[in-house]
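Q: Structure provided below as structure tokens; questions to follow.
Just so it is clear, none of the values below were taken in a lab; they were calculated from the coordinates. Bear in mind that the values here come from a model prediction, so they are computed numbers and not experimental data. Neighbour counts are summed over all protein chains in view; Cβ atoms, including those assigned to glycine, are modelled from backbone coordinates with ideal geometry.
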Amino acid sequence: MLMLLAPLWVPGMPCRAARPIPHPLGRALPVELTAQHPHLNRQVDAVADRFTHPPARSHKETLMRRSVPALLSAAAVLAAALVAAPAANAAPATPSEWREVFSPDGTISKVRVPVERKTAPENQDLGAAAAAGVVALQYTGPSSSRFDMVIIGDGYTAGEMGLLRQHAEAKWAEIASTDPWHKHAGSINVWLVNVVSNESGVDNDPYQGVNRDTALDMYFFCGGVERLLCLNEPKAQAYAAQAPGVDAIVAIGNTYKYGGAGYPSLSTVSGGDPRSGRIAIHELGHSVGGLADEYYTPGTAYTGAEPTEPNVTRDPGGAKWASYLGRPTPDGGVIGAYRGGHQYEYGIYRPSSDSLMRSLDKPFNLLGLTVMDRAIGSRISGGGTPTPDCTVHTNTRTGSLTSGGIAYQPDGSSFYARAGTHRACLAAPAGAQFTLDLMTWNGSAWQTVATSGADGRISYGGADGYFTYRVRSITGSGSYTLAYDTP
Ligand SMILES: [Zn+2]
């Protein structure tokens, strides 16, 4: 690329701060990053009361106080009834494992629940799984070059396959409306496995003791926690495996009650509750992006080694994400090192105040967004223009365009730069064609000096002056990321 050696000042070119530079559009543009995301309905019913908590007390604490003693006492009664034997022969404590609990007000916590017996599916279950029909809710290309999202259902009878599809489409629509899923939505296959259950609904819904014969044995009151929606994980995996490719699994239950759960291989969500889709989006942050939780239990301290997850660190300076520090983040404020995360209050730091990995009604923070973007994008190839890695540059701006739309960056304004090389790249939504222009003020008008190629990149050497980036949608709409370095 041609490098021009230009004088520091050229007649006709404005001196720095000599006079105001006209705004590219003649008016202020809204800053996408500071857009507040609407909170979910925080009305909770009386039943949900146990899942809400004052700030001083964590869910875990609440649940430990209320649920676990009840569980333990029930287990003790059971043990006493079954084992009328000397204490030396007492059975070992019931093994338990952590599982996340989601509250309708968006807060998240973890509780320990007894480990479920995980047996391989029996032949009849495998046969039923093999016979289950698979339909493409969205097909964008061969699985070898696409991200494959698999949705399975439980508690839907043969006569309710239409309802299953309706619930599955609604969940996918919610996931696909959230960045960075939104950006990649045009390159994701969405498969629905028509899992047929003998009976309609899930167990313990609407109250404990209601039992139904369903394909995946889904049930509320998992571990005694009302809204924890568990299932038979091996059976669920057997059904999901019927899809041509499996990169993520979302299991939806035929219920209208709020709830869900996170497993290593999948997440469960209420099929009929419109708020429950956020649970799947959070869980996909773990399973697809390898992100850690950013909430914590008050009073706990982390003493382990530096975590491998990209979004938590022991370093109070946040050097792990040094290139992000101080940048605006979609969940509000700027990236920094905020105390608490990974379940612990002390000794560990997270990148932003309140991201989706901390509260369900918030977006991913800038770091989580980038990590998820790379993780999803890494499983997509061969379709159109590869998404450039736009994280190598110092400055980042995000926004969204409607088809044919135009935006100016940074933030609808311009910037002054010394003579030297400008480098930029634009990551556009899959399936859309966006173009990036670098423009300079020539003394009387904004003039385009460079336009991105098919790879979305610009490298331009020029004199000092005032510059602005113009992002244009040629076809398609969606969110974009612009990253750039100034000379
Ligand atoms: Zn989580």
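Q: Kindly give the semi-axes, whole Å and largest first, of the ellipsoid equivalent to the range 386-485, taking each as the square root of 5 times a Cα gyration tensor eigenvalue.
A: The equivalent ellipsoid of the range 386-485 has semi-axes of 22, 15, 11 Å.
Q: Using the crude model of +1 on Lys and Arg Cβ and -1 on Asp and Glu Cβ, and no other charge, please compute the dipole size for the range 139-226 relative to its Cα centre, in debye to 20.
A: 440
Q: Then there is this: Where does each of Thr448, Thr421 land when they are ranked from fewest to most other beta-carbon atoms within 10 angstrom?
A: Sorted ascending by nearby Cβ count, the order is Thr448, Thr421.
Q: State to the nearest 20 debye the size of the charge dipole of the range 386-485 about its Cα centre, where the only charges are +1 on K and R beta carbons and -1 on D and E beta carbons.
A: For this selection, approximately 80 debye.
Q: Turning to a different aspect of this structure: Once you charge only the Cβ atoms, +1 for Lys and Arg and -1 for Asp and Glu, what is the size of the charge dipole of the range 187-234 about its Cα centre, to the nearest 20 debye?
A: Around 120 debye, computed over the range 187-234.
Q: If you take the C-alpha gyration tensor of the range 296-377, multiply each eigenvalue by 5 and take the square root, what semi-axes do you get, largest first, in whole Å?
A: Result for the range 296-377: semi-axes of 19, 14, 12 Å.
Q: What is the fewest-to-most order of Phe434, Phe415, Phe364 by other Cβ atoms lying within 10 Å of their Cβ?
A: Phe415, Phe434, Phe364
Q: Then there is this: Using Cα positions and a limit of under 12 Å, work out the aspartates and glutamates in reach of Lys235, with same-chain residues fewer than 8 apart set aside.
A: Glu122, Asp125, Asp154, Asp217
Q: Post the alpha-carbon centroid distance, the range 412-483 to the range 169-233, in whole angstrom.
A: Using only Cα atoms to place each centre, the spacing works out to 43 Å.
Q: Using Cα pairs closer than 8 Å and at least 6 residues apart in sequence, work out the relative contact order for the range 296-377, in percent.
A: Relative CO of the range 296-377 lands at 31 percent.
Q: Only counting other Cβ atoms within 10 Å, I'd like Arg339, Arg278 sorted with the fewest neighbours first.
A: Arg339, Arg278
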